[in-house]
Amino acid sequence: MIFTTRFAPSPTGPLHLGHAYSALMAHEMARAARGRFLLRIEDIDQSRARPEWEARIYDDLRWLGLDWETPVRRQSEHLDAYRQALETLWSLGLLYPCGCNRRDILAAASAPQEGGEPAVGPDGLIYPGTCRPRTPPSGQMPVDQALRLDMRRALGHLGARTLEFEETGQTPRKVSITHDDLINDTGDIVIARRDMGTSYHLSVVVDDAAQGISHVVRGQDLFDATRIHVVLQRLLGLPSPVYHHHRLIRDAAGKRLAKRDDARAIATYRDQGDTPADIRRRVGLP
Ligand code: GLU
C-alpha cells in the first residue's frame, strides 16, 4: 500500500492558519512515507463555492511550499458517483425522504413527551425521527427531497454492535464506535441534501475510496464526523483509511479558528510580510 493522503478544502472562504497546519502536516507525512499528497476541492455547495476562492487556495498552498498531483479532484464534477452510492443505500432500504426544516426538528425534539433539551450531534440537532417510516420506502429514489439515513436500520444491516477504525493522531489507538454513539449521539443524519443531491459525508467517503486515500489527516473537530464516515464505508463496502485527527489551531483567546475568521487568513499574514517559515512557527511546526 502506498501512503496516500489528501487536503480537502472547500472554496468558500480564505484558508486560515488551521488549514495551513493541516495541509503542511499531511504533506509532510506523505513525504516522510514516500507517499502521495492529493488536493481535493470540496465544492458541492455551489451556492457558496467561488472560483476566486479556489484560485486563492492554490496560491496560498504553493506559497507555503506545497506541491500536489494534478488533475485536482473537484467534487462538483463527480455528482454521478455520489448519486450511485445513494442509489445503493436506497436499494438497501436504509434511506428515507425528509421534509423537516430546523424549526420542525426543534419543535419535535423539544415536545414535552421527549423531555429535556434537544440533543446535538455532529450535524446539529439530532433528528427526532418525524419522517422515519416503519417499513423502508419502496420504488424510485426521490431526487427532489432530502434523504436521511435510518441509523438503526443501517446498524441492523451491518449486524455489528461496534465498528472500529484506526487512529494515529494525538492518542494512537483503535477507536470503537458503539451502537449508542450512533443511535443517541448521531442519529438519522441527512445523507443527501435537497439542493445538492449529496452531502459532505457521502461525498467525502466516495472520494476517499475513489482516490485510494490510505490516511486521512484532519482536525479534531471532525472526529465525530469520522464515525459517520466509517458507517458509510461499511454500508458501501469501501475500505476505511487510517485517521489522524490533529490538534486545532486556536486564537490568543483559545477559540477555534473559523472559516470566516479573515483576520487569521494566510493571505493576511502574507500581506503583512510573513514568510512561509513564519506561518510554520505560528502553528507550532519546526
Ligand atoms: N472540506 C472539509 C473542510 O474544509 C474537510 C474535509 C475532510 O477532511 O474530510 O472542513
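The values are calculated or read from the model by the stated rules, or taken from the named source; none is laboratory data. Keep in mind that what you see is a predicted model, and the values were worked out from it rather than measured. Here the Cβ positions follow ideal geometry from the backbone for every residue, glycine too, while neighbour counts run over all protein chains shown. For accessibility, only protein heavy atoms count, side chains too; no ligands or nucleic acids. Shrake-Rupley method; radii C 1.70, N 1.55, O 1.52, S 1.80 Å.
Within segment 164-178, work out how many residues are in contact with a helix residue (DSSP H, G or I) (Cβ under 7 Å, 6 or more places away or on another chain) and open to solvent by 30 Å² or more (accessible area, probe 1.4 Å).
Selection size over segment 164-178: 0.
Only one residue in D208, D224 is under 28 Å from I183 (Cα atoms), open to solvent by 50 Å² or more (accessible area, probe 1.4 Å) and either within 14 Å of the ligand (Cβ to nearest atom) or within 16 Å of the chain's Cα centre (by Cα) (or both), so which one is that? Explain how you work it out, then say what you get.
Working: D208 fails: open to solvent by 50 Å² or more (accessible area, probe 1.4 Å).
Criteria check complete, one pass: D224.
With respect to L158, determine if the residue is more than 15 Å from the ligand (Cβ to nearest atom), crowded, with 20+ Cβ neighbours inside 10 Å and within 24 Å of Y82 (Cα to Cα). Write out each step before concluding.
Working: more than 15 Å from the ligand (Cβ to nearest atom): yes; crowded, with 20+ Cβ neighbours inside 10 Å: no; within 24 Å of Y82 (Cα to Cα): yes.
Criteria not met by L158.
Select from segment 163-174 the residues that are away from the ligand (no atom under 16 Å from the Cβ), more than 27 Å from T135 (Cβ to Cβ) and not in a loop (DSSP other than H, G, I, E, B) and list them in ascending order.
Residues satisfying the conditions are E164, E166, R173, K174.
Would you check if D195 is touching a residue at least 60 places away in the same chain (Cβ under 8 Å) and either surrounded by 21 or more Cβ atoms within 10 Å (Cβ to Cβ) or under 25 Å from P142 (Cβ atoms) (or both)?
On the way: touching a residue at least 60 places away in the same chain (Cβ under 8 Å): yes; either surrounded by 21 or more Cβ atoms within 10 Å (Cβ to Cβ) or under 25 Å from P142 (Cβ atoms) (or both): yes.
The answer is yes for D195.
Please enumerate the residues belonging to segment 15-42 that are over 19 Å from Y243 (Cβ atoms), assigned to a loop (DSSP other than H, G, I, E, B) and open to solvent by 10 Å² or more (accessible area, probe 1.4 Å).
R34
Got a number for residues in segment 179-192 being part of a loop (DSSP other than H, G, I, E, B) and open to solvent by 30 Å² or more (accessible area, probe 1.4 Å)?
So the answer is 2.
Per-residue answers, yes or no, for (1) closer than 30 Å to G156 by Cβ; (2) touching a helix residue (DSSP H, G or I) at 6+ places or on another chain (Cβ under 8 Å):
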position: S199; (1), (2): yes, no
position: I228; (1), (2): yes, yes
position: H246; (1), (2): no, yes
position: I266; (1), (2): no, yes
position: D278; (1), (2): no, yes
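Could you tell me how many of the residues in segment 95-106 are buried (at least 19 other Cβ atoms within 10 Å of the Cβ) and either aromatic (F, W, Y) or farther than 17 Å from R193 by Cβ (or both)?
Of the residues in that region, 1 qualify.
Which of the residues spanning segment 63-101 are small (G, A, S) and either in contact with a Cys (Cβ under 9 Å, 6 or more places away or on another chain) or assigned to a helix (DSSP H, G or I) (or both)?
S76, A81, A85, S91, G99
Tell me which residues, restricted to segment 187-205, are of a type in the set (A, V, I, L, M) and within 13 Å of the ligand (Cβ to nearest atom).
L202, V204, V205
Filter segment 107-118 down to residues that are surrounded by 15 or more Cβ atoms within 10 Å (Cβ to Cβ) and at pLDDT 85 or above, then give me how many there are. Talk me through it step by step, then tell me what you get.
Quick first cut of segment 107-118, residues surrounded by 15 or more Cβ atoms within 10 Å (Cβ to Cβ) only: 108-109, 118.
Now drop any that are not at pLDDT 85 or above, which leaves 108.
Of the residues in segment 107-118, 1 are surrounded by 15 or more Cβ atoms within 10 Å (Cβ to Cβ) and at pLDDT 85 or above.
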